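Structure, as structure tokens:
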Amino acid sequence: MSEAESKKSVLFIATVAAFLPAFANSAINVALPPIGTEFGMDAVLLGWVVTAHLLAMAVFMVPLGRAADIWGRKRFFTLGMAVFALSSLFCAFPSSGSALILFRFFQGMGSSMIFGTSVALLTSVFPPGERGRALGINVTAVYLGLSLGPFLGGILTEYLGWRSIFLLNVPLGILVVLLTVRRLKGEWIEAAGERFDGLGSVIYALALVSTIYGLTSLPSASGAAFLALGLAGIAAFALVELKSDSPVLNVRIFRENRVFALSNLAALISYGATFAVAFVLTLYLQTVKGLSPLYAGLVLVAQPAVQTVLSPWAGRLSDRMEAQVVASGGMALTAVGLLLLALGLDAETGVGFIIAVLALLGTGFAFFSSPNTNAIMSSVEKRDYGVASGMVGTMRSLGMMTSMAIAMTALSVFMGRVQVTPEVYPQFMEAVTAVLSVFVVLCVVGIFASLARGRVRKEE
């Protein structure tokens with residue numbers, strides 16, 4: 001196989017692999033009510049159907065990315081897709097709600113292996129001058145999955161039942177496994193023979209679980225305690241890794257590599273400031289505005305649809321311009337969009353205004369995400385591609401969890417643990433405004449983090 005054919009094969013396989021978990025996570029939200037009815041699950045347990053997947057991704061992304069650097073990226077990518085397909089089959093036929101949550105956790109583990117290696121594979125085969133375009137296409141696949149998820153998920157749930165969402169992943173996952181085995185020759189191993197840091201991996205996993213559980217349990221005292229314990233665990237993890245000869249995460253990169261550290265911080269802030277926007281707007285559109293789930297889903301498609309269209313172009317632009325400029329501009333557009341929502345959203349706000357602002361948010365995130373990922377992957381040596389790829393996914397997962405924690409905390413503080421009914425609409429709108437205001441502040445901080453990273457492109 002020629003080099004050009006190898007690049008095309010890797011790009012196609014990584015693109016399909018990026019689409020599947022994104023589609024599954026987006027589509028499952030539409031299916032939560034019938035799942036809850038069938039298994040008698042309350043809102044908290046239904047939340048864990050989503051959270052279990054994100055938690056597994058955050059916990060396993062970096063350790064398995066490091067393992068892939070040592071034992072082979074293609075091997076772990078293939079294993080991850082197989083785990084994802086098999087767990088999807090189990091998710092379609094759980095015996096209880098608790099079993100579904102468990103299988104979703106294993107599905108998240110498979111997703112972590114996919115996301116933790118696919119970007120590394122692309123970075124391994126595409127040189128710097130072509131890398132932004134390839135990463136842009138990969139990000140586009142994620143956004144396409146997010147865009148089609150609510151619409152196709154609604155159709156599948158309505159006519160074939162919620163199990164069909166999971167069953168769709170099975171043949172597509174098997175197809176990717178077969179294509180990987182047959183089309184990708186050779187292996188990518190940049191850290192062969194190095195020791196895998198088991199102790200560091202365990203501390204990392206426990207620290208993240210405690211941190212994420214604490215965030216999602218705020219503002220309770222137990223949530224604060226778990227959050228404090230998790231943050232202490234992260235500090236302990238950093239100390240252990242600094243002394244390790246073969247760390248699961250080379251934390252020195254954060255101290256020695258300004259671009260890597262600040263680009264990851266910007267990614268964490270970006271996802272933290274945007275992920276829960278769709279969550280609060282879904283509640284707003286279906287309660288305050290009285291829209292049907294299908295109509296609300298069509299409104300919310302505006303953001304990921306624009307991201308899908310613009311991400312490849314933004315990726316190509318980052319091959320020609322500094323990511324410092326392109327990504328910071330994208331973050332600034334996102335901040336403007338969030339500010340418009342925070343100031344303009346009330347019971348009388350027109351749907352056209354919301355769609356326009358969501359399109360602006362999609363534009364901003366498209367111009368941030370691909371260039372920022374390009375900056376992260378281009379700032380490390382080849383031997384660290386797997387860990388860097390895993391860190392991209394980890395920042396995404398942690399940012400999403402942080403975003404949801406902010407939203408749920410605000411709703412709890414302003415409304416209490418009640419349903420969104422007409423009696424509490426004023427308090428609900430206060431909570432939404434507070435959430436969006438916090439997101440604006442986060443984005444402003446993110447702009448400075450993005451600008452402070454410095455130059456990525458080498459002078460020619």
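Restricting region 247-301 to residues that are of a type in the set (Phe, Trp, Tyr) and buried (at least 17 other Cβ atoms within 10 Å of the Cβ), the residue that is modelled with the lowest pLDDT is 279. When residue 47 is tested against (1) modelled with pLDDT of 85 or more; (2) surrounded by fewer than 21 Cβ atoms within 10 Å (Cβ to Cβ); (3) under 20 Å from residue 275 (Cα atoms), only condition (1) is not met. Looking across region 101-147, just one residue is among the basic types (Lys, Arg) and in contact with a Leu (Cβ under 9 Å, 6 or more places away or on another chain), and that is 131. Across region 431-456, the number of residues qualifying as modelled with pLDDT under 90, more than 19 Å from the chain's Cα centre (by Cα) and among the small types (Gly, Ala, Ser) comes to 4. Going through 263, 222 one at a time, which residue ends up being part of a helix (DSSP H, G or I) and over 21 Å from residue 396 (Cα atoms)? The conditions single out 222. Residue selection: residue 282 fails the criterion of being in a helix (DSSP H, G or I), of a type outside the set (Gly, Ala, Ser) and touching a Ser or Thr at 6+ places or on another chain (Cβ under 8 Å).
The residues listed here are 211, 180; of these, the one that is among the polar types (S, T, N, Q), modelled with pLDDT of 75 or more and assigned by TED's automatic domain parsing to the domain that holds residue 109 is 180.
Across region 389-417, the number of residues qualifying as farther than 21 Å from residue 211 by Cα and at pLDDT 75 or above comes to 2. Does residue 30 fit the bill of being at pLDDT 80 or above, surrounded by 15 or more Cβ atoms within 10 Å (Cβ to Cβ) and touching a helix residue (DSSP H, G or I) at 6+ places or on another chain (Cβ under 8 Å)? No, not satisfied.
Every residue, every condition in (1) closer than 23 Å to residue 215 by Cβ; (2) among the acidic types (Asp, Glu), yes or no:
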site: 229; (1), (2): yes, no
site: 245; (1), (2): no, yes
site: 248; (1), (2): yes, no
site: 257; (1), (2): no, no
site: 268; (1), (2): yes, no
site: 281; (1), (2): yes, no
site: 291; (1), (2): no, no
site: 308; (1), (2): no, no
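Checked against the criterion of being touching a residue at least 24 places away in the same chain (Cβ under 8 Å), in contact with an Asp or Glu (Cβ under 7 Å, 6 or more places away or on another chain) and part of a helix (DSSP H, G or I), the candidates 35, 13, 70 yield just one match: 70. Just one residue in the set 153, 136, 173 is modelled with pLDDT of 85 or more and either under 14 Å from residue 15 (Cα atoms) or within 22 Å of the chain's Cα centre (by Cα) (or both); that residue is 173. Please tell me if residue 40 is surrounded by fewer than 23 Cβ atoms within 10 Å (Cβ to Cβ), on the phi > 0 side of the Ramachandran plot and not assigned by TED's automatic domain parsing to the domain that holds residue 297. Taking the combined requirement at face value, the residue satisfies it. Remark: pairs (first residue in region 275-290, touching a residue at least 12 places away in the same chain (Cβ under 8 Å); second residue buried (at least 17 other Cβ atoms within 10 Å of the Cβ) and of a type in the set (S, T, N, Q); Cβ separation under 6 Å; 6+ apart in sequence or on different chains) = 275/403; 276/403. Taken over region 95-124, the criterion of being among the polar types (S, T, N, Q) and crowded, with 24+ Cβ neighbours inside 10 Å is satisfied by 107, 111, 112, 117, 118, 123. Give the number of residues within region 88-126 that are small (Gly, Ala, Ser) and over 19 Å from the mean Cα position of the chain (by Cα). Final tally of qualifying residues: 7.
Just to verify a result, which residue in region 343-379, among those that are of a type outside the set (Gly, Ala, Ser) and in a loop (DSSP other than H, G, I, E, B), is farthest from residue 143 (Cα to Cα)? Outline the logic, then answer.
Step one: of region 343-379, the residues of a type outside the set (Gly, Ala, Ser) are 343, 345-346, 348-349, 351, 353-355, 357-358, 360-361, 363, 365, 367-368, 371-374, 376-377.
Restricting the remaining residues to those that are in a loop (DSSP other than H, G, I, E, B) gives 345-346, 348-349.
On the way: 345: 25, 346: 28, 348: 30, 349: 26 Å.
Ranking the candidates gives 348 first.
Only one of the listed residues (155, 203, 174, 137) is surrounded by fewer than 22 Cβ atoms within 10 Å (Cβ to Cβ) and not assigned by TED's automatic domain parsing to the domain that holds residue 96. That residue is 203.
The values are calculated or read from the model by the stated rules, or taken from the named source; none is laboratory data. Since the structure is predicted, the reported quantities are computational estimates derived from the model, not experimental observations. So basically every Cβ, Gly included, is an ideal-geometry build from the backbone, and we count neighbours across all protein chains shown.
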